[in-house]
Amino acid sequence: MYKRVIRPLLFLIDPETIHNLVSGGLKFFFSIPGIPHFISRVFTVKHDSLKRQVFGLAFSNPVGMAAGFDKEARLYNHLKHFGFSHVEIGTVTPESQPGNPRPRLFRIPKDKAMINRMGFNNRGVAEVVKNLKKTKPKIIIGCNIGKNTNTPNEDALKDYCRVFEAVYQYVDYFVINLSCPNIKDLHKLQDKENTKQILDEITRRNSEKPVKKPVLLKIGPDHDEKKLDEIIEVVEQTGIDGIIATNTTTTRENLTTDSKQIEFIGDGGLSGLPLKQKSTRTIAYISKKTKGKLPVIGVGGIFSPNDALEKLKAGAKLIQIYTGFIYEGPSVVKKINKQLLKNTDL
């Protein structure tokens, strides 16, 4: 029903507009007595064999919602009812910022993909903290941290630390985002020296807290093996807990959509099915290089149970979806978890 009726109707409306409408609709829908229980009964799969213990946290299953869907921590408990084990909020910046000019989010249905140049649009860390205080999380929450666009790179460390300190007591793990292609010059923070400086300071602050919480690094999909080796070295030196592979790509490979249409859309990060192979290759390389000792969360091009199995077989300990959720609908999490019950070795 979703693909035949609901999705075509949703796709008649600008993607950012419909996202905002659906988000508001979910909040209203789940306020109706009995609805949360009903949705959970329909979409949630529970079984001991699905449980995962990763970087010290107990996940009810391997499937989470990637960053970008619940930017300001408004929907995480609603998403739990669709079967997710964790939700990554953000990207969160210290101050509120509007992001890049609209339109900035584009569907590419022929390729089951999306291009976005959102630019870390969010209402800032104070709003996120307010929302987390107001609604106690009933699901594992990760916080994806970024810097404000107008913060120069030499001051970026202050932004990452400010968000870390503000949300520390309200979330379960942190993700340092240095790989988003939609923030001017952010990619320059991915060089070894800058990455190490930021991770070292976050790790130091984390070690001084009553409870040390997992810290992960989100990386891009376009790195060669030399760069991946460098990233692994920095991760090992700083002692952070894992990697999220991968962010969106700036390349336009493996697309069947007319090149003129892609050119008209312009800059932005590409997500969805065309990213699948790049993401899986990155996961497999990191897993092999670290002999599976460095936990990886796999993201990119997961639309089906087989896509999820591919990521897990490549070495991912957990997976996250976003674009696949948009194209396949809320039943995709249930389908993945039901398939995993048949593959108890993963």
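All of the numbers you see were taken from the coordinates with simple rules; none came from a lab. Quick caveat, the model's predicted, so the values are computed rather than measured. Note: ideal-geometry Cβ built from the backbone for every residue, glycine included; neighbour counts use all protein chains shown.
Tally Lys and Arg at +1 and Asp and Glu at -1 over the other residues with C-beta under 14 Å from the C-beta of residue 14: what net charge comes out?
+2
What's the ranking of 109-115, 337-343, 79-85 by average number of surrounding C-beta atoms within 10 Å, highest first?
Taking the mean over residues of other Cβ atoms within 10 Å, the ranking is 79-85, 109-115, 337-343.
Picking from 143, 83, 163, whose Cα lies most toward the positive end of the charge dipole for segment 36-341 (charges on Cβ: Lys, Arg +1; Asp, Glu -1)?
83
Determine the gain in length on full extension of the stretch residue 225-residue 207; use 0.36 nm per residue of separation and subtract their C-alpha separation, reporting nm with one decimal.
So the extension gain works out to 3.4 nm.
So for the chain, taking the charge dipole from beta-carbon charges (+1 Lys/Arg, -1 Asp/Glu), which of 245, 339, 214 sits furthest toward the positive end?
Highest projection toward the positive end goes to 339.
Tell me the net charge near residue 219. Cut-off is 12 Å between Cβ atoms, residue 219 excluded, with +1 for each Lys or Arg and -1 for each Asp or Glu.
+1
Rounded to the nearest 0.05, what FRET efficiency do residue 96 and residue 47 have when you use their Cβ-Cβ distance and R0 = 35 Å? List each step's numbers first, then the result.
Working: r = 41 Å, r/R0 = 1.18.
Once rounded, the FRET efficiency stands at 0.25.
Run the dipole for segment 159-279 about the Cα centre, Lys and Arg Cβ at +1, Asp and Glu Cβ at -1, nothing else charged, and hand back the magnitude in debye, nearest 20.
The calculation lands at about 300 debye.
Let me know the Kirkwood hydrodynamic radius for the chain, please, with Cα pairs as the basis and the value in Å to one decimal.
Roughly 20.2 Å, rounded to one decimal.
At a Förster distance of 35 Å, what's the computed FRET efficiency of residue 22 paired with residue 150, Cβ-Cβ distance as r, to 0.05?
0.70
Which residue, chosen from 23, 294, 232, occupies the Cα position most advanced towards the positive end of the dipole of the chain, where the dipole is computed from +1 (Lys, Arg) and -1 (Asp, Glu) charges on Cβ about the Cα centre?
23
Could you check the spin-label model distance between residue 130 and residue 277? Points 7 Å from the Cα along Cα→Cβ, value in nm.
Inter-label distance under the simple model: 4.7 nm.
Sort 48, 155 so that the residue with the fewest other Cβ atoms within 10 Å of its own Cβ comes first and the one with the most comes last.
Values: 48 6, 155 11.
Fewest to most other Cβ atoms nearby, the residues stand as 48, 155.
What does the charge add up to near residue 169, with Lys and Arg as +1, Asp and Glu as -1, over the other residues with Cβ less than 14 Å from its Cβ?
Once all neighbours under 14 Å are counted, the net charge is +4.
Considering only DSSP beta bridges where both residues belong to the chain, give the percentage that are antiparallel (nearest 5).
That works out to approximately 30 percent antiparallel.
In square nanometres, what is one fourth of the surface area of the convex hull spanned by the alpha carbons of segment 218-282?
Values: hull surface 19.6 nm².
For segment 218-282, the mean projected area of the Cα convex hull comes to 4.9 nm².
For segment 51-68, just list the computed ³J(HN,Hα) in residue order, Karplus coefficients 6.51, -1.76 and 1.60, θ = phi - 60°, integers in Hz, with x standing in for Gly and Pro.
5, 9, 10, 10, 5, x, 10, 9, 9, 6, 6, x, 9, x, 8, 6, 4, x
From the phi angles alone, apply the Karplus equation (6.51, -1.76, 1.60; θ = phi - 60°) to segment 293-306 and give each ³J(HN,Hα) in whole Hz, x where the residue is Gly or Pro.
7, 9, x, 10, 9, x, 9, x, x, 8, 10, 8, x, 5
Largest first, please: the extent of the C-alpha atoms of segment 250-346 along each principal axis, to the nearest Å.
Sorted from largest, the Cα extents of segment 250-346 read 45, 33, 17 Å.
Between segment 268-346 and segment 79-147, how many Å separate their Cα centres?
Spelled out, the Cα-based centre of one part sits 20 Å from the other.
Report, in debye and to the nearest 20, how large the dipole of the chain comes out about its Cα centre when Lys and Arg carry +1 and Asp and Glu carry -1 on their Cβ. Don't skip to the end; give the middle numbers.
On the way: 54 positive and 36 negative charges, 282 e Å.
In debye, rounded to 20, the chain gives about 1360.
I need the fraction of alpha carbon pairs in segment 27-89 separated by more than 16 Å, rounded to a whole percent.
50
Quick one: what does P(r) look like for segment 151-208 with 5 Å bins over all Cα pairs, in whole %?
Histogramming segment 151-208 at 5 Å steps yields 4, 17, 31, 25, 15, 7, 1 percent.
Mind checking which lysines have their C-alpha under 17 Å from residue 3, skipping anything on the same chain fewer than 8 residues away?
110, 112, 334, 335
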